[in-house]
Amino acid sequence: MRGADINQEALFTTVHLESFVPKKHPLRAILTLFNLALKRIDWLLDSAYCEYGRESIPPERL
């Protein structure tokens, strides 16, 4: 069972992580491509987990 991708940055800092990377930085484009690639293999990641039991950390968060 895959857990939800919950952002908990407020627990650790008062500054948003988005403010550390400039808007036009190449990493933002890479992140967009990476997220798209993960969506395309979501079915494969889902098949690695059973449908019941404790939730785990989603592989894309690891």
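Show me, for region 34-41, the HN-Hα J-couplings you get by feeding each phi into the Karplus relation (A = 6.51, B = -1.76, C = 1.60, θ = phi - 60°), rounded to Hz, glycine and proline as x.
5, 5, 5, 4, 5, 5, 5, 10
Test of understanding: what is the full-extension gain from Glu51 to Leu36, defined as 0.36 nm times their sequence separation minus their Cα-Cα distance?
Full extension from Glu51 to Leu36 adds 3.0 nm.
Want the number for Leu44 to His16: 0.36 nm per residue separation, take away the alpha-carbon distance, what's left?
That works out to 6.9 nm of additional length.
Each value in this text was obtained by applying a stated rule to the coordinates, not by laboratory testing. Predicted, not measured: the structure shown is a model, and the values here were computed from it.
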